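Working notes for the structure below.
The values are calculated or read from the model by the stated rules, or taken from the named source; none is laboratory data. Values in this document were obtained by computation on a predicted structure and should not be read as measured data. Backbone-built Cβ (ideal geometry, glycine too); neighbour counts: all protein chains shown. Just the protein is used for accessible areas: all its heavy atoms, side chains included, with ligands, DNA and RNA removed. Shrake-Rupley method; radii C 1.70, N 1.55, O 1.52, S 1.80 Å.
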Amino acid sequence: PLSSIRGYATWLTEKLRHDKMAYATGQILIQETERLNRVMSDLLGMARPHALQLAPVRLDALLERAVQLIRPEAEAKRVVLTLKEPEAGQPPTALLDEDRMLQALLNLLVNAVQATDTGGRVEAALEEAPPAADPEGCWQLSISDTGRGMSQATASQIFTPYFTTKASGTGLGLAIVQQIVAQHDGEIHVYSREGEGTTFTVLLPRRDAGPEHAPIARDSA
């Protein structure tokens with residue numbers, strides 16, 4: 001239904017391009033329909049998380065893909081977006097649901113770019129986590145920004161569903177990220193100080209994910 005509403009709203013808006021007031025109203029209708037669609041998608045994602053389709057995935061390639069998808073938004077805002085790749089060594093491979101983990105990384109990157117003022121920096125990095133993080137070893141993905149940061153009180157609530165500091169936010173983006181990471185037996189942590197930026201760190205367990213492993217499904221319940 002929302003797709004139909006947006007389609008007809010777009011068609012009618014173009015027909016009314018000569019009428020500035022009507023055209024502006026049509027644009028608002030289109031934008032609000034898109035926003036409602038995002039809210040509904042987030043709600044469905046939280047209520048009915050998909051079963052994971054696990055397969056060997058190169059984390060460096062996945063993170064690079066996420067960065068490339070967000071780069072146009074960063075460039076439009078004149079935010080410097082960089083990617084720090086791991087040092088040469090064992091390929092950073094893990095058993096993941098690639099689409100779900102990509103969604104999580106995109107959510108984190110979008111938040112970082114939106115929180116960063118023009119001229120600021122956002123860095124995505126992948127490295128082997130220190131042994132203290134997991135004795136059996138894990139990979140560490142981090143998204144850091146030089147944005148406005150947040151208070152300890154805010155940081156303690158950001159993974160709570162429907163909590164948001166954005167006027168047009170749904171409060172579900174980071175809750176979905178946490179859900180996806182937890183489904184992969186991982187952890188996510190946040191460090192932030194007001195006026196000094198924010199860093200989200202995702203820890204994913206290192207598992208035998210050689211090419212001989214066929215994709216498997218895991219119940220997400």
Just the number please: accessible area per residue for segment 1-105, 1.4 Å probe, all protein chains included, in Å². 64 Å²
Projected label distance in nm at E196 and R148, using a 7 Å step from Cα toward the beta-carbon: 1.9 nm
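Suppose R0 equals 25 Å. What FRET efficiency, 1/(1 + (r/R0)^6) with r the Cβ-Cβ distance, do A51 and T160 give to the nearest 0.05?
Result of the calculation: an efficiency of 0.50.
Just the number, please: carbon plus sulfur as a percent of the accessible area of segment 1-159, 1.4 Å probe, no ligands or DNA/RNA counted.
Values: 5040 of 9270 Å².
With neighbouring chains kept in place, the figure for segment 1-159 is 54 percent.
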